[in-house]
Amino acid sequence: KNEVEQSPQNLTAQEGEFITINCSYSVGISALHWLQQHPGGGIVSLFMLSSGKKKHGRLIATINIQEKHSSLHITASHPRDSAVYICAVNGAGSYQLTFGKGTKLSVIP
Amino acid sequence: EAGVAQSPRYKIIEKRQSVAFWCNPISGHATLYWYQQILGQGPKLLIQFQNNGVVDDSQLPKDRFSAERLKGVDSTLKIQPAKLEDSAVYLCASSLVVGEGDEQFFGPGTRLTVL
């Protein structure tokens, strides 16, 4: 069974700061997802990646398959980025998602 | 394109009462998932449907939880009777097909409080 660990658990940043959230997993995967969850519960998919790097606006996601590690970066952070960011993986040959516990980000004006 | 719809958004009940949640997936999505997310934890899969058939319900507490997806579209999740530890956000998600790395689209969730 895959174990997904995220760090840090909580993160407070000043507006404009560069933010990094890390995710590591224990066994091989077919895909890794970064999700955003705002207060109230709804989840939005940010990225799905299996290699390399993806960029969308101020968000960048990278993955290192050999090291079983992924990072989510937010450039020029803004208070509206405040949310819980969740890393989830599909195990190799599996359709099921295994979720991390999430990183709670608070961006202060 | 309309997203995944869920109702109600919030529900407060007393323990031993019954409750039901409804989910309408994105049109054309064959696969539907119900997750339970306890505060401070990641979502946990309760049940997965492919059209109107159950693919995986290994983590569904079947003594009190039940789910159905009649006609392969809408789905309902029921808890009867509820316990205090059932307090959580219940998330519904759908994907176009089942397969490795399929993107799942999540609904807004139903926040259940059991008193």
- When you go through (1) farther than 20 Å from B:LYS11 by Cα; (2) among the hydroxyl-bearing types (Ser, Thr, Tyr); (3) surrounded by 13 or more Cβ atoms within 10 Å (Cβ to Cβ) one by one for B:SER58, which number turns out not to apply? (3)
- Message: I'd like to check something: does the stretch A:72-87 contain any residue that is closer than 16 Å to B:GLU103 by Cα, surrounded by 13 or more Cβ atoms within 10 Å (Cβ to Cβ) and within 14 Å of chain B (Cβ to nearest Cβ)?
- Response: yes
- Residue under evaluation B:LYS71, criteria (1) on the phi < 0 side of the Ramachandran plot; (2) away from chain A (no Cβ under 12 Å), criterion not met: (1)
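May I ask you to list the residues in the stretch A:14-44 that are among the aliphatic types (A, V, I, L, M), over 23 Å from A:GLU3 (Cα atoms) and surrounded by fewer than 19 Cβ atoms within 10 Å (Cβ to Cβ)?
Scanning the stretch A:14-44 gives no hits.
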- Task: Specify which of the listed residues (A:PHE47, A:PHE99) is within 14 Å of chain B (Cβ to nearest Cβ), surrounded by 18 or more Cβ atoms within 10 Å (Cβ to Cβ) and free of Cβ contacts under 8 Å to residues at least 40 places away in the same chain.
- Result: A:PHE47
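Where a number appears in this text, it was derived from the coordinates with a stated rule and is not lab data. Keep in mind the model is a prediction, meaning the values are calculated, not measured. Here the Cβ is made from the backbone with ideal geometry for all residues, glycine too, and neighbour counts use every protein chain on show.
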